[in-house]
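Asks: This is the structure, below, for whatever I ask next.
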Amino acid sequence: MASTSPLSMLDSSTATNAMRAQPTAAPKGASRAEIGEAAKKFEGMFLSQMFQCIFEGVNADPEFGGGQAEDMYKSMMIDEYSKQVVKKGGLGIADHVARTMLAAQEGRA
């Protein structure tokens, strides 16, 4: 049975929307800390979108879960998962985004 990676589950519109959610260029005079924070927020949003796709197929146990409240809290749980992954080092997306934003700010892009 062929396995599919979580990244292949993202459609192009989801990835595009995640990229548009955060600015890709740093404002003039932004500090490295501000750029780093923006890059981490972007990675968190990207991971949240990815986790959302992963958890779509996970159904609640009918005896102990389900309902509207679970759906609402599931999205909050997914956001927290993504924040924790970023806090622990992430996937390296934030580093690449930060370097790109710094290069753009310095006029090297």
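Asks: When the chain is fully extended, how far beyond the present Cα-Cα distance does Phe64 get from Ala33, taking 0.36 nm per residue of separation?
Replies: Values: separation 31, 0.36 × 31 = 11.16 nm, distance 4.40 nm.
Working it through step by step, the gained length comes to 6.8 nm.
Asks: Compute the length gained on full extension between Glu56 and Met72: take 0.36 nm times their separation in residues and subtract their Cα-Cα distance, giving the result in nm to one decimal.
Replies: 4.5 nm
Asks: Using DSSP to define loop residues, name the GluC sites (Glu not before Pro) in segment 39-101 whose beta-carbon has at most 13 other beta-carbon atoms within 10 Å.
Replies: Listed in order of number, the matching sites are Glu56, Glu63.
A short reminder: the numbers here are calculations on the coordinates, not readings from a lab. The shown structure was predicted, so the numbers you read here are calculated from the model rather than taken from an experiment. Cβ: placed from backbone, ideal geometry, glycine included. Neighbour counts: every protein chain shown.
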